[in-house]
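To start, the structure itself, in structure tokens.
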Amino acid sequence: MADEITRAGPVHGDSAKQNIETLEHSTPVNNHGKTFAASSMDPAHRARVEKSLKRKLDARCSLFVLIYILNYLDRNNIASARLRGLQTDLNLDDAQYSTCLSILYVGYILMQVPSNMFINRIQRPSLYISCAMLVWGLISTLTGNTHNFTGIVLVRFFLGFVEAAFLPGALLIQSKWYTRKELTTRNAILFCGNIISNAFSALVGAGVLSNMQGVLGWAAWRWLFWIEGAVTMATAITAGFILPDLPHNSRGFTAEELEVAQLRMIEDVGEADEDSANAGVFDGLIMAVKDVKIYLMMITFTAYVVGLSFNAFFPTLTGTLGFDYVPTLLMSSPPWAFSCIISLFNAWHADRTQEKFWHIIGPILGGMVGFIISMATDNIAARYVALFLQAASYAGFIVFYSWISSSFPRPPAKRAVAIALINAFSQLGNVAGSYVWNLKENGYRRSYGIVTAMFGITIIGCLAFRAILANLNRKLEEGERAWETQADVAEHTAEMEHMDSPDEALRMQKGFRYLV
């Protein structure tokens, strides 16, 4: 772990003063030229400024929820379109249809790390996200214009390639604004978009597919792509004006609010949330691949995703209860509404207690109970209750994402790669999960056995990760630092805190501990 913990010591380097002159994260100045000193604000006034800041930020980041819903719908509406003739009209056999599903993840996996590295280096990530959304909305509409296997495979590949920018990018942007005491709850609100999509995507598809067949001479499944893609593009245009950028340059905030936003991130871990001016393009990637924690989280998170693969087959699993098509769709929604409530409460409590491990393991254990019930009985009521427990296991998944961000707090270039790399690798779990649920015998009991084992692997991985962080915390208590601070970053931290020297700013890090 030599790359993770370095001995505390003074910051040296003759270039520090030159670096600070080029920093873009300068202290905000009002219209009269007066510099705001958030670190010396009256506590009551700062509380009012911070409250106003978070109110504006929460309102603007709430758009991420809608974007996530559209992201999910554009990616998965092919399943609904299949029910109304897509596979027949395009002359696809089952193997070709499966290829159309899996090819999306090829582009999705390839693009996540480069995209997040780019987002971390630009000044207007809101424009990048909105442009990516506009492009994937256009690509989604083009799915409705395909006429053969080659066309739809190409469209699906590029759809995943462009959609990859959203989720890691949204998580990175939120980690640049919210402290570790706030991030899990905000991530939960974001992921409620995905949960809502699980609950209602089939119903949205059913509404379009049942009313648009033959309109203007086109099949209903084509209208599904055109309509949902158009909604995505319209939302993308507004996203460029609403989504926040960075705490030093975002529009719609006062100068005081922006300085408080930067100061909050400094106080959270003891260092300004910025990369050194001398950092190279690939420095974050190099730091990430040298960190053993990354690989443990990649394997653990992938096992978790395989365990959660039931969500793509939820209507099918609900159908094993023996009801007709419409009641089955209606019964598929309440477990996800329940999951949304549990996820929000679990995330809020994780933030309140600053604890991660049990807030991940608890929902997983509940899900395992649900799996065991589904394997052990044919009782309809018991199996339906089991579906609620399985859906609620998603709550730990959300906390896991915030554990990634809080475990790689600085520098942001490394955090950006960590978020994207772990999330990208975990998508292999979605590919594997699609094969897990091909085992239909005895009400998918063998499939339930596999996902139960995957949850067991997830628990073991979380135990190992917790032990690593606990060991790092013991080293921190002995006076070692969690990461190597660059001279210009330390000087800017001191400037924001109005300290006399970078060495004084470095002493702020002594209170930092990893969240376990």
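So here's what we get for this one:
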| item | result |
| --- | --- |
| Spatial extent of the range 247-365: Rg and Dmax, with the Cα atoms as the point set, Å | 21.5, 63 |
| Accessible surface of the range 143-189 [probe 1.4 Å, protein heavy atoms]: carbon and sulfur percent | 68 |
| Rounded percent of accessible protein surface that carbon and sulfur make up, the range 416-473, 1.4 Å probe | 66 |
| Cβ crowding within 10 Å averaged over residues, with 138-144, 472-478 ranked highest first | 138-144, 472-478 |
| Convex hull of the range 176-306 built on C-alpha atoms - directionally averaged projected area, nm² | 12.8 |
| Solvent-accessible area per residue, Å², over the range 269-426 with all protein chains present [probe radius 1.4 Å] | 34 |
| Portion, in percent, of the accessible area of the range 203-292 that falls on carbon or sulfur, probe 1.4 Å | 69 |
| Share of pairwise Cα separations in the range 109-159, more than 16 Å, in percent | 51 |
| Per-pair calculated FRET efficiency, R0 = 45 Å: Asp324 and Glu355 via Cβ, rounded to 0.05 | 0.55 |
| Chain lengthening between Val281 and Leu296 when straightened (0.36 nm per residue, less Cα-Cα) | 2.9 nm |
| Equivalent ellipsoid dimensions for the range 314-457 as semi-axes, Å, which come from the Cα gyration tensor, largest first | 30, 17, 13 |
| Å² of accessible area per residue within the range 99-189, as computed with a 1.4 Å probe and no ligands counted | 32 |
| Alpha-carbon Debye profile of the range 62-165, log10 I(q)/I(0) at 0.11, 0.17, 0.24 Å⁻¹ | -0.36, -0.77, -1.32 |
| Sites Arg513 and Leu216, calculated FRET efficiency, Cβ-Cβ separation with R0 60 Å, nearest 0.05 | 0.45 |
| The range 128-258 - percent relative contact order, Cα under 8 Å, separation 6 or more | 42 |
| The range 325-401: relative contact order as a whole-number percent, Cα under 8 Å and 6+ apart | 45 |
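The values are calculated or read from the model by the stated rules, or taken from the named source; none is laboratory data. Owing to the predicted nature of the structure, the values given are computational and were not obtained by experimental measurement. A quick note on method: Cβ atoms are made from the backbone with ideal geometry, for glycine too, and the neighbour counts reach across all protein chains shown. Please note that ligands, DNA and RNA were not included when accessible areas were found on the heavy atoms of the full protein model with its side chains. Shrake-Rupley method; radii C 1.70, N 1.55, O 1.52, S 1.80 Å.
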